[in-house]
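Engineer: My questions all concern the structure below.
The values are calculated or read from the model by the stated rules, or taken from the named source; none is laboratory data. Only a predicted model underlies this, so the values are computations on that prediction, with no experimental measurement involved. No Cβ is skipped: glycine too gets one built from the backbone with ideal geometry, and neighbour counts run over all protein chains shown. Just the protein is used for accessible areas: all its heavy atoms, side chains included, with ligands, DNA and RNA removed. Shrake-Rupley method; radii C 1.70, N 1.55, O 1.52, S 1.80 Å.
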There are 2 protein chains.
Amino acid sequence: MKNSEKQLRDSGIRPTAMRILVHQFMQDQSSAVSLTAVEDNFERSDRTTLYRTLKTFEDKCLVHQIDDGTGIPKYALCKHDAVEGKHGDLHLHFHCTQCNQTTCLTEHRIPTISLPDGFVPEDINMLVKGICDNCNL
Amino acid sequence: MKNSEKQLRDSGIRPTAMRILVHQFMQDQSSAVSLTAVEDNFERSDRTTLYRTLKTFEDKCLVHQIDDGTGIPKYALCKHDAVEGKHGDLHLHFHCTQCNQTTCLTEHRIPTISLPDGFVPEDINMLVKGICDNCNL
DNA sequence: AAAGAGCGTGCAATGGTATTGCAATTATAG
DNA sequence: CTATAATTGCAATACCATTGCACGCTCTTT
């Protein structure tokens, strides 16, 4: 997938070797990854660099950060095309309490919710914890 | 509210002076509080004690922990009667990005959600970020 | 092709918070 | 009143995110 380089460029990110590798790594993942997980896969690189790489990706809407309740932020590629500085895909996240993996259920849009008067929603986060399909065999 | 003492007893928690005070403090709050917030209100007591107090409350379902995406856990009293070791009230949480307060919208039950085959839900967390009614005047 | 500016990277250090171990104190039960 | 158990306070540990700084690379400009 030489694709990564193009995607970085399109998002206004200079496609360094490191960034391309990280992006490709993210593409290979079926579940969201922690910074530590990325670090373990790139032992030659520094944690800080990877940290900033992910942050850059996030700023440019290539990646979204997921809070799965473990206290450790996870990252996953955004499926949709970046929409001008807005993380637009509000989907469900599932955290498996058994294998500890966090998955994007991209198909499952978050239902619109009605709030009390005066409350203005800007972002919605929905997290389901339980047993994932893999652990449930 | 001498009520606190009874509630602790009913939950199987020994009602020490500290615990009663913390419980009363929680009752007075209109939004969820962080450990640090509790600590600031009880300067005479140790952070660890308060930490364990909240944890005890949580274990006994007097209090539920809220993850509002700030990375700092918040706590709020459970409204419902404790149901045998199960935190049963799945309600909405709202985090105001302006005043930084996190509120339980107890009235707003979380809609049931359909998951892909093989996924078994055990707990659901729904968090809305935006501007709260107080900041929106 | 060489000089310079700006960005990316690595290292070291800082800070904030949860969490645990242990000893002293306090409350409960016999 | 004594013994036992639970609670509390202090100190220490551990884990991350985050930042400052200096070096190196790349890209542009002349």
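Engineer: Springs between alpha-carbon atoms under 10 Å, Gaussian network over chain A: tell me which of A:ASP28, A:ASP68, A:ASP59 tops the mean-square fluctuations.
Structural biologist: A:ASP28
Engineer: Specify the inter-centroid distance of region A:30-78 and region B:32-71, based on alpha-carbon positions, in whole Å.
Structural biologist: 29 Å
Engineer: Give the peptides A:128-134, B:113-119 in descending order of average Cβ contacts within 10 Å, highest first.
Structural biologist: A:128-134, B:113-119
Engineer: Using a 1.4 Å probe on the protein heavy atoms only, what accessible surface does A:CYS99 show? Give it in Å² to the nearest 10.
Structural biologist: Accessible surface of A:CYS99 is approximately 50 Å².
Engineer: Looking only at other chains, what is the average number of their beta-carbon atoms within 10 angstrom of each beta-carbon in B:58-68?
Structural biologist: Per residue, the number of nearby Cβ atoms from other chains is 1 on average.
Engineer: Another question, then. Any of B:LYS6/B:LYS55; A:LYS60/B:LYS74; A:LYS55/B:LYS79; A:LYS74/B:LYS55; A:LYS55/B:LYS55 with alpha carbons more than 27 Å apart? Name them for me.
Structural biologist: Where the Cα-Cα span goes over 27 Å, the pairs concerned are A:LYS60/B:LYS74; A:LYS55/B:LYS79; A:LYS55/B:LYS55.
Engineer: Taking GluC sites (Glu not before Pro) as exposed when DSSP calls them loop (any state but H, G, I, E, B) and at most 13 other Cβ atoms lie within 10 Å, what is the longest stretch of chain A free of them, the sites themselves excluded?
Structural biologist: Longest site-free region, per DSSP loop and neighbour criteria: A:85-137.
Engineer: Out of the DSSP beta bridges found with both residues in the protein assembly as shown, what percent are antiparallel (nearest 5)?
Structural biologist: 80 percent
Engineer: Compute for chains A and B the buried accessible surface, both sides summed, probe 1.4 Å, and express it in Å² to the nearest 100.
Structural biologist: Accessible area lost upon association: around 2700 Å².
Engineer: Which of B:HIS23, B:HIS108, B:HIS93 moves most in a GNM of chain B, Cα contacts under 10 Å?
Structural biologist: Looking only at B:HIS23, B:HIS108, B:HIS93, the largest GNM fluctuation is found for B:HIS108.
Engineer: Of the accessible area of chain B, with the probe set at 1.4 angstrom, what percent is carbon plus sulfur?
Structural biologist: Answer for chain B: carbon and sulfur cover 46 percent of the accessible area.
Engineer: Using a Förster distance of 30 angstrom, determine the FRET efficiency expected from the C-beta separation of B:GLN98 and B:GLN27, and round it to 0.05.
Structural biologist: Rounded to the nearest 0.05, the efficiency is 0.75.
Engineer: Can you give the calculated 222 nm mean residue ellipticity of chain A, where each DSSP H run of n ≥ 4 adds -39,500 (n - 2.57) and the sum is split over every residue, rounded to the nearest 500 deg cm²/dmol?
Structural biologist: Estimated from H runs of four or more residues: -8500 deg cm²/dmol.
Engineer: What's the angle, to the nearest 10 degrees (0 to 90), between helix A:17-28's Cα axis and the longest principal axis of chain A?
Structural biologist: Approximately 40 degrees, to the nearest 10.
Engineer: I'd like the trypsin sites (Lys or Arg not before Pro) in region A:6-46 restricted to DSSP loop residues with at most 12 other Cβ atoms within 10 Å, sorted by number.
Structural biologist: Loop-located and lightly packed - A:ARG44.
Engineer: While we're looking at this one, here's another question. Please give the per residue accessible area of chain A, computed with a probe of 1.4 Å over protein heavy atoms only, in Å².
Structural biologist: 57 Å²
Engineer: Calculate how many DSSP beta bridges within chain A are antiparallel, expressed in % of all such bridges and rounded to the nearest 5.
Structural biologist: Roughly 75 percent of the DSSP beta bridges within chain A come out antiparallel.
Engineer: Dividing the Cα radius of gyration by the Kirkwood radius, what Rg/Rh value follows for chain B?
Structural biologist: 0.99
Engineer: On C-alpha positions alone, give me the angle between the axis of helix A:47-59 and the longest principal axis of chain A, in degrees, nearest 10.
Structural biologist: Roughly 60 degrees, rounded to the nearest 10.
Engineer: Could you work out, residue by residue across A:129-137, how many beta carbons of other chains sit within 10 Å of that residue's beta carbon, and then give the average as an integer?
Structural biologist: 4
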